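> Sharing a structure with you now.
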Amino acid sequence: WEADGVVVMKGSGKGFPVGRPVGVVRWALSTTDERQVPLTINCWPEDEGDGQMNVNIEYATAREMELYDVSIKIPGCASAPEIVEIAGTHAHDAREETLDWRIDCIDASNTAGTLEFNIAQRDADAFFPIVVSFRSKSLYYDVPIESVVSVEHGSAISYSLNKALSIDEYKIA
């Protein structure tokens with residue numbers, strides 16, 4: 001790949017399986033550098049007294065990416081929260097004791113958003129770790145695919161291409 005920009009199967013005796021999707025190129029990023037992550041989350045639980053907490057959570061994007069089906073799961077929510085402000089929607093899961101903040105799409109039109117709620121809770125640490133998930137067609141490095149050719153004959157082969165960003169784990173502790 002590095003020398004001539006060509007990707008081939010490891011065993012050149014085998015061809016690509018026909019009629020089945022095959023992952024050809026995978027790239028991973030593991031970082032604690034906030035400038036590299038597509039979405040930053042800040043959470044400020046404030047003790048209001050009498051066992052009540054006011055929680056402010058904000059998201060912001062640092063990269064020009066479109067994120068879809070964004071889910072920000074906040075633990076420590078045994079009782080139903082009183083929503084003060086929300087960009088998006090929410091669902092409370094009493095069994096899991098989580099509040100799921102959902103945003104359909106984060107893009108250039110909504111690069112930041114807020115969720116504020118009040119809840120019966122005495123422990124500010126109960127709201128962590130926050131678990132984030134999303135999907136995106138935007139990639140960190142968009143590898144251009146110019147063509148697909150037969151190794152044996154050099155002739156063009158028809159192909160389909162699916163690019164996706166997936167997350168193994170995204171937690172805010």
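The values are calculated or read from the model by the stated rules, or taken from the named source; none is laboratory data. Nothing here was measured: the structure is a model prediction, and the numbers come from that model. Positions of Cβ are backbone-derived with ideal geometry, glycine not excepted, and every protein chain shown enters the neighbour counts. Each accessible area value is taken on the protein alone, full model and side chains, heavy atoms only, with ligands, DNA and RNA left out. Shrake-Rupley method; radii C 1.70, N 1.55, O 1.52, S 1.80 Å.
> Return the sequence-ordered ³J(HN,Hα) values of the stretch 132-146 in whole Hz as given by the Karplus equation 6.51 cos²θ - 1.76 cosθ + 1.60 applied to θ = phi - 60°, using x for Gly and Pro.
10, 9, 6, 10, 7, 8, 7, 10, 6, 9, 8, 6, x, 10, 7
> Just round it to a whole percent: the fraction of Cα-Cα distances in the stretch 62-137 exceeding 22 Å. Intermediate results must be reported in sequence, preceding the final value.
Values: 707 of 2850 pairs.
Result for the distance tail: 25 percent.
> Between the stretch 12-78 and the stretch 85-123, how many Å separate their Cα centres?
Cα centroid of the stretch 12-78 versus Cα centroid of the stretch 85-123: 14 Å apart.
> Can you find, among Gly88, Leu29, Val131, the residue farthest towards the positive end of the dipole of the chain? Put +1 on the C-beta of Lys and Arg, -1 on that of Asp and Glu.
In the chain, that residue is Leu29.
> I've got another one for you. Taking springs between alpha-carbon atoms closer than 10 angstrom, which of Gly23, Gly113, Gly88 fluctuates most in the Gaussian network model of the chain?
Sorting by GNM fluctuation, first place goes to Gly23.
> GNM on the chain, C-alpha springs below 10 Å: top fluctuator among Leu67, Leu99, Leu161?
Per the Cα network of the chain with a 10 Å cutoff, Leu161 tops the list.
> What residues qualify as long-range amide H neighbours of His90, i.e. H under 5 Å apart, gap of 5 or more or another chain, H built at 1.01 Å from N?
Arg102
> With bins 5 Å wide starting at 0, give me the P(r) of the chain over every alpha carbon pair, in whole percents.
P(r) over the chain, rounded to whole percents: 1, 7, 14, 17, 13, 10, 9, 7, 6, 5, 4, 3, 1, 1, 0, 0.
> On to the next question. Sort Thr32, Thr40 from largest to smallest accessible area, using a 1.4 Å probe on the heavy atoms of the protein chains.
Thr32, Thr40
> Please list, ordered by chain and number, the residues whose modelled amide H lies under 5 Å from the amide H of Val148; skip anything fewer than 5 residues away on the same chain.
Amide H neighbours of Val148: Ile157.
> Can you sort Lys163, Lys137 by solvent-accessible area, 1.4 Å probe, largest first?
Numbers: Lys163 65, Lys137 145 Å².
Greatest to least solvent exposure: Lys137, Lys163.
> Follow-up question, since we're still on this one. Report, in cubic angstrom per residue, the convex hull volume of the C-alpha atoms of the stretch 47-91.
Taking only Cα atoms, the stretch 47-91 has a hull volume of 107 Å³ per residue.
> What's the longest bit of the chain with no exposed GluC sites (Glu not before Pro), using DSSP loop states and at most 12 other Cβ atoms within 10 Å as the test?
The answer is 97-145.
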